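Structure first, commentary second.
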Amino acid sequence: MKHPTQSVNKSLTSKQLSLCAVLCAIALAIHIVEAQIPPVLPLPGMKPGIANIITLFAIIYLSPREAFLILIVRIFLGTIFSGQPSTLLYSLSGGIFCLLTEILIYCILGSKFIVEISIAGAMVHNTVQVICACLVTQTAEVFWYLPPLLIVGAVTGTFCGLCTKFILKYTQKK
Amino acid sequence: MKHKTFFIILIIILLICALLTVFAYLRNGGTVAEISLDGNVLYEIPLTGADEGYEIPIEQDGRQNIILIENGKVSMKYANCPDGLCIKQGKITNSSYPIVCLPNRVVVKIKGDAEIETPDAISQ
């Protein structure tokens, strides 16, 4: 029996919904733990971006729409729980543009290119954050941080991409 | 084939980044420190002749930062922001990398002062 106001293909099944919730919880936990890791290099904005594994996994295993929901919930709750409201702007802008890039490349190339999608996402994330920082502080010199951040982004992006590849290999769907 | 194309593009981007990083790192130091809050310049402090080293406190709307000025070097000594990344950045000596405290929106950068540089160049 169909619900009168919802079409079947647009609403989540309860299985998908619970998977979304679990992924949100994992992403949130990673997000908060990640914020506690002391930076290895004195580069502002440098972080492992492990929570991106969950976003990537959601794009491929569920769908881009679910990935978007998980990302938004993760960033808002993560910002509240880690008690750093000033980082919301950077997380949100970086996260959304990162996700859009990943969805775009995923739609064009497909799920065989997970590592590439992850690297591109990480680098777009860094770029957007530096642009944001530049606009907020009104200082063009902040752009000098972009080249080293992109190098770090490529490394962490590769790592996250490989992680996602392994997770997808063992979850076996699609 | 697409994998290969992607990685070639990636390597080119990374090489450019590496070159820019090295270039930025090797740039000459400046002589004036510029401290700004929310994009407005608060102080311009000459870095020459500050052998003793002194501190400049900045406070606005509960945002507190203490900046340490030494001969040719600037560092963030204290900040009440949650991550404290600006303190970990340590001392900066050249004009490429500014110290940025994003949560407090405080930026400290070094500028090469043309008025001081020029007489040296002429005398040579």
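List of remarks:
- The residue of the stretch A:89-108 that is farthest from the other protein chains (Cβ to nearest Cβ), among those that are among the aliphatic types (A, V, I, L, M) and over 13 Å from the mean Cα position of the chain (by Cα), is A:L104.
- When A:L149 is tested against (1) in contact with a helix residue (DSSP H, G or I) (Cβ under 9 Å, 6 or more places away or on another chain); (2) at positive phi, just one condition goes unmet, and that condition is (2).
- Residues (surrounded by fewer than 17 Cβ atoms within 10 Å (Cβ to Cβ) and under 16 Å from the mean Cα position of the chain (by Cα)) located in the stretch B:46-67: B:P46, B:I66
- Qualifying residue in the stretch A:62-77 (condition: within 13 Å of another protein chain (Cβ to nearest Cβ) and within 30 Å of B:S36 (Cα to Cα)): no
- Residues that are polar (S, T, N, Q), more than 10 Å from every other protein chain (Cβ to nearest Cβ) and surrounded by 19 or more Cβ atoms within 10 Å (Cβ to Cβ), drawn from the stretch A:132-174: A:T156, A:T164
- Residue check, A:L77 aliphatic (A, V, I, L, M), closer than 18 Å to A:A25 by Cα and buried (at least 17 other Cβ atoms within 10 Å of the Cβ): no
- One residue alone among A:S86, A:S82 is hydroxyl-bearing (S, T, Y), within 13 Å of chain B (Cβ to nearest Cβ), touching a residue at least 40 places away in the same chain (Cβ under 8 Å) and over 14 Å from A:I60 (Cα atoms), and that residue is A:S82.
- Flag for B:L10 being at pLDDT below 80 and under 25 Å from A:T158 (Cβ atoms): no
- Matching residues in the stretch B:23-44 - criterion: being at the interface with chain A (Cβ under 9 Å from one of its Cβ atoms) and either touching an Asp or Glu at 6+ places or on another chain (Cβ under 8 Å) or of a type in the set (A, V, I, L, M) (or both): B:A24
- B:E55 meets all of the listed conditions (1) facing chain A (nearest Cβ under 8 Å); (2) under 17 Å from B:V106 (Cβ atoms) but one, namely (1).
- Residue in the stretch A:117-126 that is in contact with a helix residue (DSSP H, G or I) (Cβ under 9 Å, 6 or more places away or on another chain), assigned to a helix (DSSP H, G or I), among the polar types (S, T, N, Q) and more than 12 Å from chain B (Cβ to nearest Cβ) present: no
- The condition of being under 22 Å from A:N126 (Cβ atoms) and aliphatic (A, V, I, L, M) holds for A:I37.
- If the condition is being out of contact with any Ser or Thr (no Cβ under 6 Å at 6 or more places or on another chain) and surrounded by fewer than 18 Cβ atoms within 10 Å (Cβ to Cβ), then the stretch A:29-42 contributes A:A29, A:V33, A:E34, A:Q36, A:I37, A:P38, A:P39, A:V40, A:L41, A:P42.
- Listed conditions (1) in contact (Cβ under 8 Å) with a residue 12 or more places away in the chain; (2) at the interface with another protein chain (Cβ under 8 Å from one of its Cβ atoms); (3) in contact with a helix residue (DSSP H, G or I) (Cβ under 6 Å, 6 or more places away or on another chain) are all met by B:G90, apart from (3).
- Of the residues screened, B:E34 is one that is closer than 15 Å to B:T93 by Cα and among the charged types (D, E, K, R).
The values are calculated or read from the model by the stated rules, or taken from the named source; none is laboratory data. Quantities reported herein were computed from a predicted structural model and do not represent experimental measurements. Methodologically, a virtual Cβ is constructed for each residue, glycine included, from the backbone with ideal geometry; neighbour enumeration extends over all protein chains shown.
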